[in-house]
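Chemist: Next up is a structure, given as structure tokens.
The values are calculated or read from the model by the stated rules, or taken from the named source; none is laboratory data. Just so it is clear, the structure is predicted and the values come from calculations on it, not from any experiment. Reconstructed Cβ throughout: ideal geometry from the backbone, glycine too, with neighbour counts over all protein chains shown. These accessible areas exclude ligands, DNA and RNA; they are computed on the full protein's heavy atoms, side chains included. Shrake-Rupley method; radii C 1.70, N 1.55, O 1.52, S 1.80 Å.
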Amino acid sequence: MAFISPDRSNLPKATTVIGGAPAKGSGDTHAHVYPATGEVTSEIRMSDASDVDKAVAAAQAAFPEWRAMTGDKRRDLMFKLAALIEARADEMTPLLTYENGSILLAGPHMSADAAQKFRYFGGWADKIEGRAIETWGGPAHDYVRYEPYGVVGVIVPWNGPLFAATMVLAPALAAGNCVVLKAPENAPYSLMKLVELIGEAGFPPGVVNLVTGGGDVGAAMVSHPGIGKIEFIGSGGTAKKILASAADTLKPVGLELGGKSAVIVFGDADLQAAAKRGLTGAVSANGQGCVNGTRLLVERSIYEPYLQMLQAMAGYIKVGDPLAQDTVMGPVISESALNRIQSMVEGGVSDGARVVVGGERMGGDHEAGYFLPITVLADVSPDSHIARNEVFGPVLVVTPFDSEEEAIALANDSDYGLGAYIHTTNLARAHRVANRMMAGQVQVNGSGEAMTPCVPFGGMKHSGHGRLGGIEGLREFQQVRNVWINLQD
Ligand code: NAD
């Protein structure tokens, strides 16, 4: 059966919103491709460095008023935006699918999550307070204030632009910063819609400015002297370039990068639940989630039954048209991504891995799009390329272990440190192992539920630094001023 095509009449049009004015960018044209069918959804006019200049100027102009606005008013605007996102979720949901092939089924949850972030951080906007210090060598009055940076530049990837951008925008705005946000050219629509809604909610013009484009537009933001801080969500390779460039302006850079998150399944785990949750590492975001658990470490006593269960359950997951209501997994982002993933799988097999399920590009109705089924590789050597590198596709690698100590060592033997998942029914073991994971977020008997706005999310090691979510997420967009006042006559 033919796949449903995106409804082109409902695509947002403005690729830049500068000082509240929607417009087309001044840069080149990009033919945006729908990954499920390979068809072009629209020719979007991208931004260029001149648009970045204008966006930064608009943000700088808006900053004094935004910073001076009292917290209760900022809170109210953020609550209004949250309500608007919920009320207009029907407009947002299909865009999330059109832009990168994520399943329609996930759309309402993504909209609700975006709204919740503005509500959660809106709740902080009216609680920004400093503290007084009983300083030494008085008499003196010493206090600390938390100040915004000014203009924050936000660069996000294509795999979940709305999720990533709202993770940054909500705390940055609550803290009193203005924003220049770059929508990725290969998944621009949800952010174009979001900025439209921000305008409708009544945010002053220039508080949030949108540009759209690729690496050149991001690079122009990083080198711009008018941007006080960059928050970057993307790959480690790009992060290195950004850090090198940011050195010129001594700009602070927050980094949320990739992962190769371990999933430890102990012999005492609820096997069925652990297998179901294990599969989400391949399924979630069509296998393209930064914190997906993709490196499965399974106790040898249950190794073969666990693999059999993964194989059987994979057969029930409908992979196909992301716009169909019953589809659970869609395509990867592009032909080149699919080729890269397949060659990593082939490399894994030539390094000795056994294919349990999947591995081959899907043909028939799926042929025009970029579909790989859930792919599980067993007996993967922890030293092999596929065990050590992010695949960013629906591929799980599985390795057996014999003891708790070995599981911990294998889990931590990675350049990455974003997530870690532990499956066990032993409470003492759960705490013991969780506290030895070199990862920013550890979930016990979970597979993604922890990702709510109220908890800090971020990486260790090559997965980045800084935290988004929770009070730590607010602090990420505040700088500290200490004031000392002499109380002596
Ligand atoms: P990417 O690094 O190629 O691109 C990310 C963004 O950076 C894009 O908007 C891109 O246009 C921009 N960019 C590219 N070159 C730039 C430069 N020189 N200067 C400034 N900006 C530049 O990553 P991607 O392929 O879009 O996304 C996938 C990666 O993102 C994966 O590694 C994934 O794990 C990671 N990711 C991390 C998180 C997290 O929260 N930790 C969330 C989602 C994705």
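Chemist: Condition (residue is within 12 Å of the ligand (Cβ to nearest atom) and open to solvent by less than 10 Å² (accessible area, probe 1.4 Å)) applied to region 473-480: is it met by at least one residue? Give the steps one after another, and end with the answer.
Modeler: Taking region 473-480 first, the residues within 12 Å of the ligand (Cβ to nearest atom) are 473.
With open to solvent by less than 10 Å² (accessible area, probe 1.4 Å) added as a condition, the list becomes 473.
Yes, the conditions are met somewhere in region 473-480.
Chemist: Based on what the data block shows, is residue 215 more than 19 Å from residue 23 (Cα to Cα), in contact with a Gly (Cβ under 9 Å, 6 or more places away or on another chain), open to solvent by 10 Å² or more (accessible area, probe 1.4 Å) and near the ligand (Cβ under 10 Å from one of its atoms)? Can you show your working first?
Modeler: Values: more than 19 Å from residue 23 (Cα to Cα): yes; in contact with a Gly (Cβ under 9 Å, 6 or more places away or on another chain): no; open to solvent by 10 Å² or more (accessible area, probe 1.4 Å): yes; near the ligand (Cβ under 10 Å from one of its atoms): yes.
When the stated conditions are applied, residue 215 does not pass them.
Chemist: Given the conditions (1) of a type in the set (Val, Ile, Thr); (2) within 16 Å of the chain's Cα centre (by Cα); (3) more than 12 Å from the ligand (Cβ to nearest atom), report the number of the one that residue 263 does not fulfil.
Modeler: Every listed condition holds for residue 263 apart from (2).
Chemist: I would also like to ask the following. If I filter region 236-247 for residues that are in a strand (DSSP E or B), in the same structural domain as residue 472 (by TED's automatic domain parsing) and near the ligand (Cβ under 10 Å from one of its atoms), do I get at least one hit?
Modeler: First, pick out the residues of region 236-247 that are in a strand (DSSP E or B): none.
For region 236-247, residues in a strand (DSSP E or B), in the same structural domain as residue 472 (by TED's automatic domain parsing) and near the ligand (Cβ under 10 Å from one of its atoms): absent.
Matching residues to (1) part of a helix (DSSP H, G or I); (2) touching an Asp or Glu at 6+ places or on another chain (Cβ under 6 Å); (3) within 21 Å of residue 397 (Cβ to Cβ):
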site: 254; (1), (2), (3): no, yes, no
site: 268; (1), (2), (3): no, no, no
site: 274; (1), (2), (3): yes, no, yes
site: 285; (1), (2), (3): yes, no, yes
site: 289; (1), (2), (3): no, no, yes
site: 305; (1), (2), (3): yes, no, yes
site: 324; (1), (2), (3): no, no, no
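Chemist: Just to be sure, is residue 231 open to solvent by 10 Å² or more (accessible area, probe 1.4 Å), more than 7 Å from the ligand (Cβ to nearest atom), closer than 23 Å to residue 99 by Cα and not in a loop (DSSP other than H, G, I, E, B)? Even if it seems obvious, please write down each step before you answer.
Modeler: On the way: open to solvent by 10 Å² or more (accessible area, probe 1.4 Å): no; more than 7 Å from the ligand (Cβ to nearest atom): yes; closer than 23 Å to residue 99 by Cα: yes; not in a loop (DSSP other than H, G, I, E, B): yes.
No, not satisfied.
Chemist: Being basic (Lys, Arg), surrounded by 16 or more Cβ atoms within 10 Å (Cβ to Cβ) and under 26 Å from the mean Cα position of the chain (by Cα) is the requirement here; does residue 251 meet it? Talk me through it step by step, then tell me what you get.
Modeler: On the way: basic (Lys, Arg): yes; surrounded by 16 or more Cβ atoms within 10 Å (Cβ to Cβ): yes; under 26 Å from the mean Cα position of the chain (by Cα): yes.
So residue 251 fits the description; yes.
Chemist: When you go through 288, 311 one by one, which is the residue that is over 25 Å from residue 437 (Cα atoms) and at pLDDT 95 or above?
Modeler: Working: 288 fails: over 25 Å from residue 437 (Cα atoms).
Result of the check over 288, 311: 311.
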